[in-house]
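Heads up, the thing below is written out as structure tokens.
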Amino acid sequence: GQQVMQIPQYQHVQEGEDFTTYCNSSTTLSNIQWYKQRPGGHPVFLIQLVKSGEVKKQKRLTFQFGEAKKNSSLHITATQTTDVGTYFCAEFMDSNYQLIWGAGTKLIIKP
Amino acid sequence: EAQVTQNPRYLITVTGKKLTVTCSQNMNHEYMSWYRQDPGLGLRQIYYSMNVEVTDKGDVPEGYKVSRKEKRNFPLILESPSPNQTSLYFCASSLSPGYTEAFFGQGTRLTVV
């Protein structure tokens with residue numbers, strides 16, 4: 001079925017370094033959503049991107065939607081321990097009303 | 001407080017013993033869904049429901065059943081659980097699928113031995 005490729009699977013950073021995760025689809029997306037799941041927790045909605053080339057910011061988090069609406073990225077500037085968790089993208093399939101999820105990128109802060 | 005409530009949070013059962021995981025939301029959402037989460041695979045949709053009495057299969061429906069008799073409740077039923085259904089399960093609801101945020105329950109960690 002339809003898949004969203006999300007990379008990398010893990011990213012180890014020193015606190016204060018930046019973090020980026022990418023999602024790519026083979027088809028043009030209606031929109032894309034981003035979620036964060038803390039260790040032991042449940043996914044929590046961060047943002048939705050709808051427009052081609054859209055860029056949205058939430059404090060140190062920057063979300064981008066590609067011009068062709070086939071890819072998206074989440075960039076965190078100067079990571080903090082509170083950023084630890086797994087970040088997921090999810091794309092909506094109009095054809096069958098399903099939300100298709102990337103495999104997630106786990107942000108790990110090196111001790 | 002707007003929330004999705006799942007029960008139980010943890011469950012250990014034996015192969016073949018029927019079980020039900022309950023899910024209830026208090027936001028009057030029409031769309032509800034069940035996911036399973038396995039390491040490295042993200043969230044995979046099991047079943048979803050667009051409204052009362054309307055349910056449809058997701059990507060991994062085999063071995064599961066659901067029902068939507070009331071808008072607020074969407075139980076997940078495993079008629080004859082098997083070890084490969086050991087997983088972390090999440091229920092989610094949203095006002096409009098894919099166009100508004102999904103709210104998730106706390107999760108149910110199921111172990112089938």
Residue pairs meeting the criteria (Cβ under 6 Å; at least 6 apart or on separate chains; first open to solvent by 10 Å² or more (accessible area, probe 1.4 Å), in the range A:85-110; second of a type in the set (Phe, Trp, Tyr)): A:Leu99/A:Phe92; A:Trp101/A:Phe88; A:Lys106/A:Tyr10
- prompt: Residues in the range B:30-46 that are more than 27 Å from A:Pro39 (Cβ to Cβ) and either open to solvent by less than 50 Å² (accessible area, probe 1.4 Å) or among the aliphatic types (A, V, I, L, M) (or both): how many?
  reply: 1
query: From the list A:Tyr35, A:Tyr97, which one is of a type in the set (Phe, Trp, Tyr) and over 11 Å from the mean Cα position of the chain (by Cα)?
result: A:Tyr97
query: For the range B:76-113, which residues satisfy the criterion of being crowded, with 20+ Cβ neighbours inside 10 Å and in a loop (DSSP other than H, G, I, E, B)?
result: B:Pro81, B:Pro97, B:Gly98, B:Ala102, B:Gly105, B:Gly107
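This table checks each residue for (1) acidic (Asp, Glu); (2) within 12 Å of chain B (Cβ to nearest Cβ); (3) in contact with a helix residue (DSSP H, G or I) (Cβ under 8 Å, 6 or more places away or on another chain); (4) touching a residue at least 12 places away in the same chain (Cβ under 8 Å).
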residue	(1), (2), (3), (4)
A:Thr21	no, no, no, yes
A:Asn31	no, yes, no, yes
A:Gly41	no, yes, no, yes
A:Ile47	no, yes, no, yes
A:Val50	no, yes, no, yes
A:Gly53	no, no, no, yes
A:Lys57	no, no, no, no
A:Thr62	no, no, no, yes
task: Quick one: count up the residues across the range A:101-111 that are more than 8 Å from chain B (Cβ to nearest Cβ) and among the hydrophobic types (A, V, I, L, M, F, W, C).
output: 3
- request: Identify, from the list A:Ser72, A:Ser25, the residue that is open to solvent by less than 80 Å² (accessible area, probe 1.4 Å), modelled with pLDDT under 95 and under 13 Å from the mean Cα position of the chain (by Cα).
  value: A:Ser25
Unique match (being more than 21 Å from A:Gly104 (Cα to Cα), in contact with a Phe, Trp or Tyr (Cβ under 8 Å, 6 or more places away or on another chain), touching a residue at least 24 places away in the same chain (Cβ under 8 Å) and among the charged types (D, E, K, R)) among B:Arg36, B:Arg68: B:Arg68
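The values are calculated or read from the model by the stated rules, or taken from the named source; none is laboratory data. What you see is a predicted model; the values in this text were computed from it and never measured. FYI the Cβ positions are ideal-geometry reconstructions off the backbone, even for glycines, and counts take in every protein chain you see. Side chains included, ligands, DNA and RNA excluded: accessible areas come from the protein's heavy atoms. Shrake-Rupley method; radii C 1.70, N 1.55, O 1.52, S 1.80 Å.
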